[in-house]
There are 2 protein chains.
Amino acid sequence: MQRDHASDIAAITRHPSFAAAVEKLDADHDRTVADIIALTEIPSPPFKEERRAAAYLEMLRAHGLEDVEQDEVGNVMGLRRGAGNGALMVVAAHLDTVFPEGTDVTVRREGTRLYAPGVGDDTRSLAVLLAFIRAMDAAGIRTRNDILFVGDVGEEGLGDLRGVRHLFTKGRYHEKIEAFITVDSPQVDKIVVGGVGSKRYSVRFKGPGGHSFGAFGLVNPMYAMAQAVTELGRIQVPESPRTTFCASIVGGGTSVNAIPEEAWVDIDLRSESAGELAKLDARWHEIVAAAAKQENATRSTSEGAITVEIRTLGDRPAGHTPVDADIVQYATAALRAHGFAPKHHASSTDANIPMSLGIPAIKIGSGGTGGRAHSLGEWIDVEKTASLSGMTASLATILAVAGFLGE
Amino acid sequence: MQRDHASDIAAITRHPSFAAAVEKLDADHDRTVADIIALTEIPSPPFKEERRAAAYLEMLRAHGLEDVEQDEVGNVMGLRRGAGNGALMVVAAHLDTVFPEGTDVTVRREGTRLYAPGVGDDTRSLAVLLAFIRAMDAAGIRTRNDILFVGDVGEEGLGDLRGVRHLFTKGRYHEKIEAFITVDSPQVDKIVVGGVGSKRYSVRFKGPGGHSFGAFGLVNPMYAMAQAVTELGRIQVPESPRTTFCASIVGGGTSVNAIPEEAWVDIDLRSESAGELAKLDARWHEIVAAAAKQENATRSTSEGAITVEIRTLGDRPAGHTPVDADIVQYATAALRAHGFAPKHHASSTDANIPMSLGIPAIKIGSGGTGGRAHSLGEWIDVEKTASLSGMTASLATILAVAGFLGE
């Protein structure tokens, strides 16, 4: 049976218990802002989310969830039991920020704006999930499915989605999750339905080195590296599905009068399509091998040949949730019902993992506005009307996917 | 009239006053060793030769030279007046070492070996020049030409021969010097008659940068740098005159998920031939310009184009002194007369500057043996017999070029 997603959303939003939930969000606004500030000021650098995770674990427990726990990789979670057959959906926000240890994470408030590293990406969402739980509880909202609320680790950069990857591959719920919603950053009108996959490598070319004049003629890893980067730059990629490559960081050598002993380059390969990403990845490996081989054939290997070490810096699977999937259609209808003009996007988020496994997944927003994410000037606006409008749309989406039963 | 260099050398070495000079070198051996240690233990890092220069200035003064002074760039010098028409030759050793400030320059003695950074390159020669002055004075040796004894700055690395360059282009004697001998490092059997010229550049490619995925398609300075390095590696250079190139140090980029704003490479170009060096240099400039142009034609310049900054790190002119020049033939004959098997070499020394100007110039040695120059394990052997044998040959060379008149 084809569902009428707009009607389903309308049925939710006009239900008295939904109105009660929204009233609670409204009444709790200052508390939500206080939670945002409190969580933002607990540093959560990459691979060092422990302190914030511990605090969030206690908050989940205080919100009356069941089976509150921390898993082996550091994710914290708790269950809001549904009334139905035990089908499980996840609603997640990520605990980690991009900022290194020692970054000043003190929140500065100017009017309705909060300034601090990580305040919008993704700390606000952690507080918003708590507000959702309180609102559902205050309104006595029941859902058919169980909802697992998760604060996950390792979403950013070299974290490489390790928290959600664990959740879907090894965690105790990993075979049971049937839908996944990550609430990430304030903006709500961009629904992420495509997971841009990426492969990131640090490729190190090594050789014997030597004096620039005295040892001239020996293989030089710089030429192999340069050849590989030049060939990378020549790859033709499709515009759609969007597929990209980037030679990002390069280094090597110690003295202007010496043939270097090594030269390395960090590269980033991405695609919305798992197939295109695999093609690009295979081509890069060919290029690297050919560049080393060519340098070894061009100059002397009498003191040693060029060798290559490829280290994986990141590996995020590509995937997508079909636009006609219920999860996408509910989010779209919920946003429209709240006056937004939703668009479907592809990006790299925690949703990549379930998408790559064929599990319906999207990214939605925490409400309000914000900017300068990943910079020290990061900010969000917690002005009440805009904040509640976005939060209400996101709550409607979650309830629709969870199977809203009213009170 | 063709000179018989071997006969001229024989006439010097069998002269009683030369024997008296050698006797003085022998008698003064411990003092010479003490001078080596004292000078080595005065740090003389690149561009920071002041302390050693001041000490050496006072030593030159104490040795009774005339017009003892320090010039604008830091060279110290004094004149030993000749008896003739005032023609001038220079005998130089360099004050600077390759070692940075803070390097422990304490001399450690084991038997006849002295261990310390810079002890052989070129501190020993500074002490040996003083020994030569004392020996000539003790023996009452007169020469036809004036001899300017010089402790010069900036021979090593980025010093770029600035001391001797100044001496020959702007110093008060610059139009009068008719011959140049640098005493550099212990080894005497390698007479340097060719000056390997070099050009060193740091080439920086700059672009607008951007997100690796979001801004894909914008110009990336890494590809321009890589293209230039690849093309450098393809240049065909002659084996003789020996001509070389090297991509030595590379850097750029800050994050694996960003198109870098800059990428740079330091390169080293060298040749024994000024003409070949100029050809190589011109080709490199073409390559750099073409690489930037190609990247700007290949990807989008909507946010800004690739630009290039070329900074000169070093510029040492190539040159040579003909093997049949008197200065080379005298050095060769003097070494043979002392049982050495001299060979003619090309290298990069202070002699590059006069060679490039067509002024007869060579590098000779300070005597004895040594090793591991430019490393913290640098050492020399001051065993008396070997030391005196090399010093005697070098003194004979200097006296022949200066026009030995006996007492």
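What follows is calculated from the coordinates using simple rules that are stated; it is not laboratory data. These numbers were taken from a predicted model, which means no experiment stands behind them. Here the Cβ is made from the backbone with ideal geometry for all residues, glycine too, and neighbour counts use every protein chain on show.
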TODO: Excluding residues on the same chain fewer than 8 positions from A:K190, give the lysines whose Cα lies under 25 Å from its Cα.
DONE: A:K199, A:K343, A:K363, A:K384
Open item on the list: Which residue fluctuates most in the GNM of chain B (Cα springs below 10 Å): B:P43, B:P342, B:P117?
Closed with: B:P342
Task: segment A:332-343 - phi-based ³J(HN,Hα) in whole Hz, Karplus 6.51/-1.76/1.60, Gly and Pro as x - done: 5, 5, 5, 5, 4, 5, 9, x, 8, 10, x, 10
Open item on the list: Can you compute the FRET efficiency between B:R14 and B:E383 using 1/(1 + (r/R0)^6), with r the Cβ-Cβ distance and R0 = 22 Å? Round to the nearest 0.05.
Closed with: 0.30
- [ ] Please report which chain A residue places its beta carbon nearest the axis carrying chain A onto chain B, with the distance rounded to a whole angstrom.
- [x] A:A226, 2
Task: Sequence-distant residues sharing a close amide H with B:L313 (under 5 Å, placed H) - done: B:R200, B:Y201, B:S202
Open item on the list: Under the rule of at least 5 residues apart or a separate chain, name every residue whose amide H is placed under 5 Å from the amide H of B:F180.
Closed with: B:V90, B:A361, B:I362
Open item on the list: Using Cα-Cα distances under 8 Å and only pairs 6 or more residues apart, what relative contact order does chain B have, in percent?
Closed with: 24
Open item on the list: Let's see if you can work this out: charge +1 on each Lys and Arg Cβ, -1 on each Asp and Glu Cβ, no other charges. What is the dipole magnitude of segment B:61-125 about its Cα centre, in debye to the nearest 20?
Closed with: 460
TODO: Distances from B:T106 to the same position in the other copies: list them in nm, one decimal, shortest first, using label points 7 Å from Cα along Cα→Cβ.
DONE: 4.7
Open item on the list: Could you tell me which residue out of A:F18, B:T298, B:S356 lies farthest along the dipole of the protein assembly as shown toward its positive end? Charges go on the beta carbon: Lys and Arg +1, Asp and Glu -1, centred on the Cα centre.
Closed with: B:T298
Open item on the list: To test your reading of the geometry: what angle, between 0 and 90 degrees and rounded to tens, separates the Cα axis of helix B:384-402 from the longest principal axis of chain B?
Closed with: 90
Open item on the list: Looking at chain A as a GNM with Cα springs under 10 Å, which of A:A393, A:A224, A:A289 has the largest mean-square fluctuation?
Closed with: A:A289
Task: Rounded to the nearest 20 debye, dipole of the protein assembly as shown from Cβ charges on Lys, Arg, Asp, Glu - done: 940
Task: Teacher prompt: A:A27 distances to equivalent labels in other copies, 7 Å Cα→Cβ, nm - done: 11.1
Task: For B:K190, distant residues with modelled amide H under 5 Å away - done: B:K343
Task: Charge tally in the Cβ shell below 14 Å around B:R51, where Lys, Arg are +1 and Asp, Glu are -1, B:R51 excluded - done: -4
Open item on the list: Order these by the 10 Å Cβ neighbour count, fewest first: A:S389, A:S7.
Closed with: A:S7, A:S389
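Please label the shape of segment B:197-316 as rounded, prolate or oblate, based on the square roots a ≥ b ≥ c of the eigenvalues of the alpha-carbon gyration tensor (a/c under 1.5 means rounded; beyond that, a/b larger than b/c means prolate, else oblate).
Judged from the Cα gyration tensor, segment B:197-316 comes out prolate (a/c at least 1.5, a/b above b/c).
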- [ ] Provide the gained length on full extension for the span A:E69 to A:D30, in nm with one decimal, where the gain is 0.36 nm per separating residue minus the Cα-Cα distance.
- [x] 11.3 nm
- [ ] First select every other residue whose beta carbon is under 15 angstrom from the beta carbon of B:S271; then total the charges, Lys and Arg +1, Asp and Glu -1.
- [x] +1
- [ ] Enter the angle in degrees (range 0 to 90, nearest 10) between the Cα long axis of helix B:50-62 and the first principal axis of the Cα atoms of chain B, meaning the one along which they spread out most.
- [x] 20
Open item on the list: Below 18 Å, Cα to Cα, which aspartates and glutamates can A:K170 reach? Residues fewer than 8 away in the same chain don't count.
Closed with: A:D67, A:E69, A:D71, A:E72, A:D152, A:E155, A:D160, A:E178, A:D315, A:D350
Task: Residue order, fewest to most surrounding Cβ atoms within 10 angstrom, among A:D146, B:D4, A:D8, A:D315 - done: B:D4, A:D315, A:D8, A:D146
TODO: Once the label point is placed 7 Å from Cα along Cβ, list for A:L405 the distances to the corresponding points in the other copies, in nm, shortest first.
DONE: 12.0
Open item on the list: Once you order the gyration tensor axes a ≥ b ≥ c over the Cα atoms, which shape class does chain B get: rounded for a/c under 1.5, otherwise prolate or oblate by comparing a/b with b/c?
Closed with: prolate
Task: For chain B, built as a Gaussian network whose Cα springs stay under 10 Å, the top-fluctuating residue of B:D35, B:D160, B:D104 - done: B:D104
Task: Cα gyration tensor shape for segment B:330-391, rounded if a/c is under 1.5, else prolate or oblate - done: oblate
Open item on the list: Helix-only estimate, please: 222 nm mean residue ellipticity of chain B, summing -39500 (n - 2.57) across DSSP H runs of length 4 or more and dividing by its residues, to the nearest 500.
Closed with: -11000 deg cm²/dmol
Task: Which of A:F216, A:P238, A:V188, positive extreme of dipole for segment A:187-241 (C-beta unit charges) - done: A:F216
- [ ] Measure nothing but the geometry: give the 0 to 90° angle between the long axis through the Cα atoms of B:29-40 and the longest principal axis through the Cα atoms of chain B, rounded to 10°.
- [x] 20
Task: Share antiparallel - DSSP beta bridges, the protein assembly as shown, percent rounded to 5 - done: 70
Open item on the list: Give the separation of the Cα centroids, segment B:168-245 to segment B:73-99, in Å.
Closed with: 29
Open item on the list: Using the crude model of +1 on Lys and Arg Cβ and -1 on Asp and Glu Cβ, and no other charge, please compute the dipole size for segment B:197-316 relative to its Cα centre, in debye to 20.
Closed with: 100
